[in-house]
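The values are calculated or read from the model by the stated rules, or taken from the named source; none is laboratory data. Source: prediction; values computed, not measured. Here the Cβ is made from the backbone with ideal geometry for all residues, glycine too, and neighbour counts use every protein chain on show. Remember, those area values only see protein heavy atoms, side chains included, never the ligands or the DNA or RNA. Shrake-Rupley method; radii C 1.70, N 1.55, O 1.52, S 1.80 Å.
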Amino acid sequence: MYNPIKTLKTNTIGTLNMLGLAKRVGARLLLASTSEVYGDPEVHPQSEDYWGHVNPIGPRACYDEGKRVAETMCYAYMKQEGVEVRVARIFNTFGPRMHMNDGRVVSNFILQALQGEPLTV
């Protein structure tokens, strides 16, 4: 959200560059995507055939739409150019600079463990 244009360019142009490289050298490409491609889902849990409920102009749209375009490009390169691709939609991760109380499952586990509380599953 800090730099939406750079985020969008990284997800789109960066993926396009990597797909071109994979095609040139005959490599398989793994795209680390995100559950954000579902937007604010109306279905829980999401199945692979669920297309999502996305706001293309919302505050996280550049990230969400960038990942959606990146996935689309991967499958287009697979169909048209024969590039072997894999897409992993990663859910519920935790990393540096994330807020402990963001409400995600991993951060909830960490916070509960640090406070000596039982883990909510």
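A single entry from GLU42, GLU65 fulfils the requirement of being in contact (Cβ under 8 Å) with a residue 12 or more places away in the chain and acidic (Asp, Glu): GLU65. Regarding region 95-104, can at least one residue be identified that is open to solvent by less than 50 Å² (accessible area, probe 1.4 Å) and touching a residue at least 12 places away in the same chain (Cβ under 8 Å)? No.
What's the total number of residues in region 73-83 that are assigned to a loop (DSSP other than H, G, I, E, B) and surrounded by 13 or more Cβ atoms within 10 Å (Cβ to Cβ)? Final tally of qualifying residues: 1.
Filtering region 16-27 to residues that are crowded, with 19+ Cβ neighbours inside 10 Å and either in contact with a Lys or Arg (Cβ under 9 Å, 6 or more places away or on another chain) or over 18 Å from TYR63 (Cβ atoms) (or both) leaves LEU19, ALA22. Checked against the criterion of being in the same structural domain as ARG86 (by the TED database), over 16 Å from ARG86 (Cβ atoms) and hydroxyl-bearing (Ser, Thr, Tyr), region 13-21 contains not a single residue that satisfies it.
When you look at ASN11, is it over 15 Å from the mean Cα position of the chain (by Cα), surrounded by 10 or more Cβ atoms within 10 Å (Cβ to Cβ), in a helix (DSSP H, G or I) and of a type in the set (S, T, N, Q), yes or no? Spelling it out, it is not the case that ASN11 is over 15 Å from the mean Cα position of the chain (by Cα), surrounded by 10 or more Cβ atoms within 10 Å (Cβ to Cβ), in a helix (DSSP H, G or I) and of a type in the set (S, T, N, Q).
Inspect region 91-99 for any residue being among the β-branched types (Val, Ile, Thr) and outside any helix (DSSP H, G or I) and give the result as yes or no.
Of the residues in region 91-99, the ones among the β-branched types (Val, Ile, Thr) are 93.
Then drop every residue that is not outside any helix (DSSP H, G or I), which leaves 93.
Checked against the condition, which is being among the β-branched types (Val, Ile, Thr) and outside any helix (DSSP H, G or I), region 91-99 yields at least one hit.
Taken over region 30-42, the residue count meeting the criterion of being assigned to a loop (DSSP other than H, G, I, E, B) and either among the charged types (D, E, K, R) or closer than 24 Å to THR10 by Cα (or both) is 2. Specify the residue that is farthest from LEU16 (Cα to Cα); the eligible residues are those in region 41-72 that are surrounded by 12 or more Cβ atoms within 10 Å (Cβ to Cβ) and of a type in the set (Asp, Glu). Restricting to residues being surrounded by 12 or more Cβ atoms within 10 Å (Cβ to Cβ) and of a type in the set (Asp, Glu), the top hit is ASP64.
The rows are residues; the columns are (1) in a strand (DSSP E or B); (2) at pLDDT 85 or above; (3) of a type outside the set (A, V, I, L, M, F, W, C); (4) in contact with a helix residue (DSSP H, G or I) (Cβ under 9 Å, 6 or more places away or on another chain).
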| position | (1), (2), (3), (4) |
| --- | --- |
| HIS44 | no, no, yes, no |
| PRO56 | no, yes, yes, yes |
| ARG68 | no, yes, yes, yes |
| GLU71 | no, yes, yes, yes |
| ARG89 | yes, yes, yes, yes |
| ALA113 | no, yes, no, no |
